[in-house]
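Q: Dumping the structure here so I can ask a few things about it.
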């Protein structure tokens, strides 16, 4: 990491880590832990017969994959530039001996680090609440590792796209909401190659046991025509790199108006 990027990353990482926004989103993500505890209680009472793996996969799809990573990326990504403009700190930040590209990349990486901590911590706790029993085996750890890696890839891709929106639009949150909770939720159920125009398609393609998904929420995999693992990873990585590069380029040359 370049010294300029590292300086920006370190400053904003500790700033974001202690912010009220991070505390609020950690509490929001903790809803998955509460849900896992409730389901575990019903399983112990014999009122829920499905395995912990299947139940967790359904929670992952609904809460983590289609809500939490999108909402985290949306609010952290779209605020990368707007918080500086609205806080009137952009002129001061731009006057520092830092390239504008380094500012965007450093703030992106700090946001990715903070949101990753929120995501992974609640993901692990939820998983072990549902699956840590007599049937648990060490090989099952690979399942949660794969879940975490898939979600982190998705978080990086969404965050990169929303960072680009932040450098491009005055009110990026509106388009971000339409994309994250409109387009992404609807297009994945279209047949054929149309569903491949969404980020969530490539995330679903990487999830283990998608073909055997069962239970009350198995409808989430209807119409999924998965992309090969290596190609899905490549496309998600390209989305992250390309949109971050576009954001850095746009922020370098665009003039932003800071109103008094």
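The values are calculated or read from the model by the stated rules, or taken from the named source; none is laboratory data. This is a predicted model, so every value here is computed, not measured. Here the Cβ is made from the backbone with ideal geometry for all residues, glycine too, and neighbour counts use every protein chain on show.
Q: Condition first: free of Cβ contacts under 8 Å to residues at least 60 places away in the same chain and over 17 Å from the mean Cα position of the chain (by Cα). Now tell me which residues in the range 98-123 satisfy that.
A: Once the filter is applied, which keeps residues that are free of Cβ contacts under 8 Å to residues at least 60 places away in the same chain and over 17 Å from the mean Cα position of the chain (by Cα), the range 98-123 yields nothing.
Q: I'd like to verify a number: residues in the range 178-211 that are within 16 Å of residue 231 (Cα to Cα) and surrounded by fewer than 16 Cβ atoms within 10 Å (Cβ to Cβ), how many?
A: Of the residues in the range 178-211, the ones within 16 Å of residue 231 (Cα to Cα) are 193, 195-208.
With the extra rule that they be surrounded by fewer than 16 Cβ atoms within 10 Å (Cβ to Cβ), the set shrinks to 193, 197, 208.
The total comes to 3.
Q: Right, here's the next one. Please state which of the following conditions residue 152 fails to meet, knowing it meets all the rest: (1) over 30 Å from residue 85 (Cβ atoms); (2) in contact (Cβ under 8 Å) with a residue 12 or more places away in the chain.
A: For residue 152, the failing item is (1).
Q: Whether any residue in the range 141-155 is more than 30 Å from residue 234 (Cα to Cα) and touching a helix residue (DSSP H, G or I) at 6+ places or on another chain (Cβ under 6 Å) is what I want to check.
A: So far as the range 141-155 goes, no, none of its residues is more than 30 Å from residue 234 (Cα to Cα) and touching a helix residue (DSSP H, G or I) at 6+ places or on another chain (Cβ under 6 Å).
Q: Any residue that is closer than 28 Å to residue 76 by Cα and either modelled with pLDDT of 85 or more or assigned to a helix (DSSP H, G or I) (or both) - is there at least one of those in the range 217-225?
A: Within the range 217-225, one or more residues are closer than 28 Å to residue 76 by Cα and either modelled with pLDDT of 85 or more or assigned to a helix (DSSP H, G or I) (or both).
Q: Looking at the structure I just gave you, is residue 253 over 18 Å from the mean Cα position of the chain (by Cα), over 21 Å from residue 75 (Cα atoms) and modelled with pLDDT of 85 or more?
A: yes
Q: Continuing with this model, one more query. Of everything in the range 74-83 that's in a helix (DSSP H, G or I) and in contact (Cβ under 8 Å) with a residue 24 or more places away in the chain, which residue is farthest from residue 157 (Cα to Cα)?
A: Taking the range 74-83 first, the residues in a helix (DSSP H, G or I) are 74-77, 79-83.
Checking the rest, the ones that are also in contact (Cβ under 8 Å) with a residue 24 or more places away in the chain come to 74-77, 79-82.
Numbers: 74: 11, 75: 14, 76: 13, 77: 11, 79: 16, 80: 15, 81: 18, 82: 20 Å.
Among those that are in a helix (DSSP H, G or I) and in contact (Cβ under 8 Å) with a residue 24 or more places away in the chain, it is 82.
Q: I'd like to verify a number: residues in the range 12-57 that are more than 22 Å from the chain's Cα centre (by Cα) and assigned to a helix (DSSP H, G or I), how many?
A: So the answer is 9.
Q: Just a yes or no: is a residue in the range 94-110 out of contact with any helix residue (DSSP H, G or I) (no Cβ under 8 Å at 6 or more places or on another chain), on the phi > 0 side of the Ramachandran plot and not in a helix (DSSP H, G or I)?
A: So far as the range 94-110 goes, no, none of its residues is out of contact with any helix residue (DSSP H, G or I) (no Cβ under 8 Å at 6 or more places or on another chain), on the phi > 0 side of the Ramachandran plot and not in a helix (DSSP H, G or I).
Q: Could you grab me the full set of residues in the range 12-42 that are farther than 15 Å from residue 115 by Cα and either touching a residue at least 40 places away in the same chain (Cβ under 8 Å) or crowded, with 18+ Cβ neighbours inside 10 Å (or both)?
A: Across the range 12-42, the qualifying residues are 32, 33, 35, 36, 37, 39, 40.
Q: What is the residue count in the range 61-84 for residues that are more than 30 Å from residue 96 (Cβ to Cβ) and either surrounded by 23 or more Cβ atoms within 10 Å (Cβ to Cβ) or in contact with a strand residue (DSSP E or B) (Cβ under 7 Å, 6 or more places away or on another chain) (or both)? Lay out the reasoning, then the answer.
A: Quick first cut of the range 61-84, residues more than 30 Å from residue 96 (Cβ to Cβ) only: 61-71.
Of the ones still in play, those that are also either surrounded by 23 or more Cβ atoms within 10 Å (Cβ to Cβ) or in contact with a strand residue (DSSP E or B) (Cβ under 7 Å, 6 or more places away or on another chain) (or both) are 64, 68-70.
Total meeting the criteria: 4.
Q: Go through (1) within 24 Å of residue 206 (Cβ to Cβ); (2) modelled with pLDDT under 90; (3) part of a helix (DSSP H, G or I) and name the single condition residue 69 misses.
A: (2)
Q: Among the residues that make up the range 39-60, is at least one of them modelled with pLDDT of 90 or more and either in contact with a strand residue (DSSP E or B) (Cβ under 8 Å, 6 or more places away or on another chain) or under 26 Å from residue 154 (Cα atoms) (or both)?
A: no
Q: Here's a follow-up. When you scan the range 129-148, how many residues do you find that are assigned to a helix (DSSP H, G or I) and without any contact (Cβ under 8 Å) to a residue 12 or more places away in the chain?
A: Here the count works out to 5.
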